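Just so it is clear, none of the values below were taken in a lab; they were calculated from the coordinates. None of the values given here were measured: they were computed from a predicted structure. Quick reminder, even Gly has a Cβ in these numbers, built from the backbone with ideal geometry, and neighbours come from all protein chains shown.
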Amino acid sequence: MPNKHTPWNVERALALIAEQCGREGPLLPLLHAFQEEFGYIDEAAVPLIAQALNISRAEVHGVVTFYHDFRRRPAGRHVLKLCRAEACQAAGGDAIAARAVERLGLAMGATAADGTVTLEPVYCLGLCATAPSAMLDGRLIGRLDEARLDALLREAQT
Amino acid sequence: MKLRVFIPRDAGAVAVGADDVAAAVAATARARSIEVDLVRTGSRGLYWLEPMVEVATAAGRVAYGPVMAADAAGLLEAALIDSTHPLRLGLVDDIPWLKRQTRLTFARCGVIDPRSLEDYRVHGGCRGIERAVALGAAATVEELVQSGLRGRGGAGFPTGIKWRTVAQTAAPQKYIVCNADEGDSGTFADRMIMAGDPFALIEGMAIAGFATGASKGYVYIRSEYPHAIAAMTAACSAARRGGLLGRGVAGSAHDFDIEVRVGAGAYVCGEETSLLESIEGKRGVVRAKPPLPAHRGLFGKPTVINNVLSLATAPVILEKGAGFYQHFGVGKSRGTMPIQLAGNVKHGGLFETAFGVTLGELVDDIGAGTLTGRPVRAVQVGGPLGAYFPRALFDTPFDYEAFAARDGLIGHGGIVVFDDSVDMAKQARFAMEFCAIESCGKCTPCRIGSTRGVETIDRIMRGENRAANLDVLADLCNTMKFGSLCALGGFTPYPVMSALTHFPDDFGAPAKHLQVAE
């Protein structure tokens, strides 16, 4: 299933802040909630969160930019993550990744100009005994070979 | 008679089609009016046979695998008349790969329904906490100390000592934090236990809470594990309904509850102090120690922070006693270790066994060599920060001290197998590159050293001033090893230097050889 997200809006953002604010250490759960709702962390979210949690904007910015998961702009409709860690490297993952880069015409971490797909590296999905592995929009795929990858790429480009 | 069919919901099985198989079995059963009770279990850990389907019979559970969706109809027919089927593996308990194991931590994984507390109890669950409550808090801590259990996350620090320190630190609020940020490539034991036997982890945390006087627990799970997050969340709800969590845990006067927290893709958050920072809502920057988390941990309060496997092993230790557990193993490595065979390996999966088995036995015998059929050239033990071992060191017993004596580490118990097509200079470069990507940036040897390491290895690979650059690399590794604040910068030299020491040819022939050739 391709990703569907709400366009950024302040009202919804404030509602999410109200939902998460009561927890101990609310910042990470809150950023996850934002990303799930909007698909990324809008720049306008930073001062809203800073004010609600009584911390500086710099602190919020620091956290958003520290973690690989948090996006600062929307991803493609599909997100294809290829595992690039050692177990997948040992099982032919380098060739799989090179093929994906070539077929999609995208560098790792880039989004297609038409917004269909974002290609990303991931450092271990924990599927190391059925390597190489990938994740397409939250769906896990193990024992990747060229045919399976090509099928995934076709799906990701729709 | 109703047919009981077991199909894993484990992420590793789902990644190779277990959900499709489950759907096909359910559809076939409906179409042919066969009454089927479909149970989604964890995985037994024989990943080359996944999706592995089990069917209950009078003689015991019979396994079939690897099963594809198209096999569903034939499999159900075979199961009903108990005739032969090409994918039939026989009784699960008789499969040699399982029979050779000593499953203490993983005894129930793949067996029970991970969403049913009742099923957990039927299979011996909750006996650990019941005995702990009967013993009392202080005796429970001593039981853990006596068991010899060491941190299964990789550092190998005695778990009981951490518990004792927190128990002896007076504070109105204490925490139990479970480190489920299993980021090491080649490891998946935490993921398996959370999907397959989450109540063991919950019970272990509840025991830790009771023993140390902590009332709140956090499980910090990496975001790359959505299935484990779902499984743990569901299990915590079931545990609350069933009295394993909440007020008066297991009939005691102690209250304990658990909250699931999700990481955000930072490898360094597997380091305990950076994990605590992350839960607090900060950048995952490593803290200097002391103070120890046991004195001032999460939100400045005394905190037990243990790996998933350490906590999930506490119930069996409490149930059967410290003596039972520490009877397994060798030297200072007591008990069993869930070892994970991964990468280019024929029989990949989870193999729990007492410490002391040799690396060669694990790779050649249990793992059956490479999947590609080519010779094994190197194995990396202990994740991205673990050393690469050549065949010459395959007599090393799996034991914390034995690996340390050979400049390696067992870490979280992952073994990644490489065949003879591997370029070890490339692997060394990747170790430095990974450290550069994941460094939290707090200390200079890690932050700058890793980037300089990549550049230096590039020069060596290009043949620029090779002898001098090899000296620079060794010196850099030395600085990182002794000058870094945590294991990320401190252990990255292990894969780099082991690759260089054991596979010098891959870095270009040594200078003297070049002179001879000329």
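Exposure proxy ranking for B:His412, B:His123, based on other Cβ atoms within 10 angstrom of each Cβ and starting from the fewest, stands as B:His123, B:His412.
Classify segment B:424-515: rounded, prolate or oblate, from the alpha-carbon gyration tensor (a ≥ b ≥ c, eigenvalue square roots; a/c under 1.5 rounded; otherwise prolate if a/b is larger than b/c)? If you can, show how the numbers build up before the last one.
Details: a/c = 2.11, a/b = 2.08, b/c = 1.01.
Here segment B:424-515 falls in the prolate category.
If you sort the three axes of the alpha carbon gyration tensor as a ≥ b ≥ c, you get a/c of 1.5 or more for segment B:141-189 and a/b no higher than b/c, which makes it oblate.
Please report B:Met68, B:Met497, B:Met1, B:Met194 as a ranked list, fewest other C-beta atoms within 10 angstrom at the top and most at the bottom. All intermediate terms of the calculation are to be shown ahead of the outcome.
On the way: B:Met68 15, B:Met497 20, B:Met1 5, B:Met194 33.
Lowest count first: B:Met1, B:Met68, B:Met497, B:Met194.
Centroid-to-centroid, using Cα positions, segment B:305-349 and segment A:30-65 are 40 Å apart. Only lysines eight or more places from B:Lys216 in sequence, or on another chain, were considered; those with a Cα closer than 17 Å are B:Lys162, B:Lys174, B:Lys301.
Take the Cα gyration tensor of segment B:318-462, multiply each eigenvalue by 5, square-root it, and list the three semi-axes largest first, rounded to whole angstrom. Intermediate results must be reported in sequence, preceding the final value.
Numbers: eigenvalues 182, 86, 29 Å².
The equivalent ellipsoid of segment B:318-462 has semi-axes of 30, 21, 12 Å.
For segment B:117-326, the Stokes-Einstein estimate of translational diffusion at 10 °C and a viscosity of 1.306 mPa s comes to 96 µm²/s, using the Kirkwood hydrodynamic radius over alpha-carbon pairs. Shape class for segment B:168-282, computed from the alpha carbon gyration tensor (a ≥ b ≥ c): oblate, with a/c not under 1.5 and a/b at or below b/c.
How large is Rg over Rh for the protein assembly as shown, taking Rg from the Cα atoms and Rh as the Kirkwood inverse mean of 1/r across Cα pairs?
That ratio is 0.96, to two decimals.
The length gained on full extension between B:Thr444 and B:Phe324, counted as 0.36 nm times the residue separation minus their Cα-Cα distance, comes to 38.6 nm.
Under a Cβ-Cβ cut-off of 15 Å, what is the net charge of the residues other than B:Tyr388 that fall near it, where Lys and Arg count +1 and Asp and Glu count -1? List each step's numbers first, then the result.
Values: positive: B:Arg377, B:Arg391, B:Arg406, B:Lys426, B:Arg429; negative: A:Glu86, B:Asp184, B:Asp407, B:Asp419, B:Asp420, B:Asp423, B:Asp505, B:Asp506.
For residues surrounding B:Tyr388, the net value is -3.
Between B:Asn465 and A:Cys21, the distance separating the two model label sites (each 7 Å from Cα on the Cα→Cβ line) works out to 5.8 nm.
So what is the relative contact order for segment A:1-138, in percent, with contacts set as C-alpha pairs under 8 Å and at least six apart?
The value is 24 percent.
Relative to the dominant Cα principal axis of chain A, helix A:57-66 is inclined by about 10°.
Taking each residue as 0.36 nm, the span from B:Ser421 to B:Ala139 lengthens on full extension beyond its C-alpha to C-alpha distance by 96.2 nm.
Taking amide H as placed 1.01 Å from N in the peptide plane, the amide H of B:Val345 sits under 5 Å from that of B:Leu371, each at least 5 places away or on another chain.
Which order do A:Cys124, A:Cys21 fall in if you start with the one that has the fewest other Cβ atoms within 10 Å?
On the way: A:Cys124 28, A:Cys21 13.
With the sparsest Cβ surroundings first, the list reads A:Cys21, A:Cys124.
Centre-to-centre separation between the Cα atoms of segment B:93-153 and those of segment A:83-137: 37 Å. Placing unit charges on the Cβ atoms of the charged side chains and taking the dipole of the protein assembly as shown about its Cα centre, the candidate lying farthest along the positive direction among B:Ala468, B:Pro291, B:Leu485 is B:Pro291. The H on the amide N of B:Glu352, modeled in the peptide plane, is under 5 Å from the matching H of B:Thr102, B:Ile339, each at least 5 residues off or on a different chain.
What number do you get for segment A:77-158 when its Cα radius of gyration is normalised by 2.2 N^0.38 Å, N = residues? Don't skip to the answer; put the middle values down first.
Working: Rg = 11.3 Å, N = 82, 2.2 N^0.38 = 11.7 Å.
Normalised Rg, Cα atoms only: 0.96.
The lysines within cross-link reach of B:Lys442, meaning a Cα-to-Cα straight distance under 18 Å and a gap of 8 or more places when in the same chain, are B:Lys282, B:Lys289, B:Lys481. Counting only DSSP H runs of at least 4 residues, each contributing -39500 (n - 2.57), and dividing by the residue count of chain B, the helix-based mean residue ellipticity at 222 nm comes to -12000 deg cm²/dmol. A simple charge model with +1 on the Cβ of Lys and Arg, -1 on the Cβ of Asp and Glu and nothing else charged puts the dipole of segment A:45-158 at about 260 debye relative to its Cα centre.
The B:Ala58 and B:Asp407 beta-carbon pair, evaluated with R₀ = 60 Å, returns a calculated FRET efficiency of approximately 0.65. Remark: chain B carries a charge dipole of roughly 1220 debye about the Cα centre, counting +1 on each Lys and Arg Cβ and -1 on each Asp and Glu Cβ.
The equivalent ellipsoid that matches the C-alpha gyration tensor of chain B spans semi-axes of 39, 31, 19 angstrom, in descending order. Close amide-amide hydrogen proximity is noted between A:Val117 and A:Arg77, A:His78, A:Ala112, each under 5 Å apart and 5 or more residues distant or on a separate chain (H modeled in the peptide plane; Pro and chain starts excluded).
Counting only C-alpha contacts under 8 Å and six or more residues apart, can you give the relative contact order of chain B as a whole percent? Intermediate results must be reported in sequence, preceding the final value.
On the way: 1136 pairs, mean separation 70.0, N = 518.
So the answer I get is 14 percent.
For segment B:134-149, putting each phi into the Karplus relation 6.51 cos²θ - 1.76 cosθ + 1.60 with θ = phi - 60° gives couplings of 5, 6, x, 4, 4, 5, 5, 4, 5, 4, 5, 4, 5, 5, x, 4 Hz, in residue order, rounded to whole numbers and with x for Gly and Pro.
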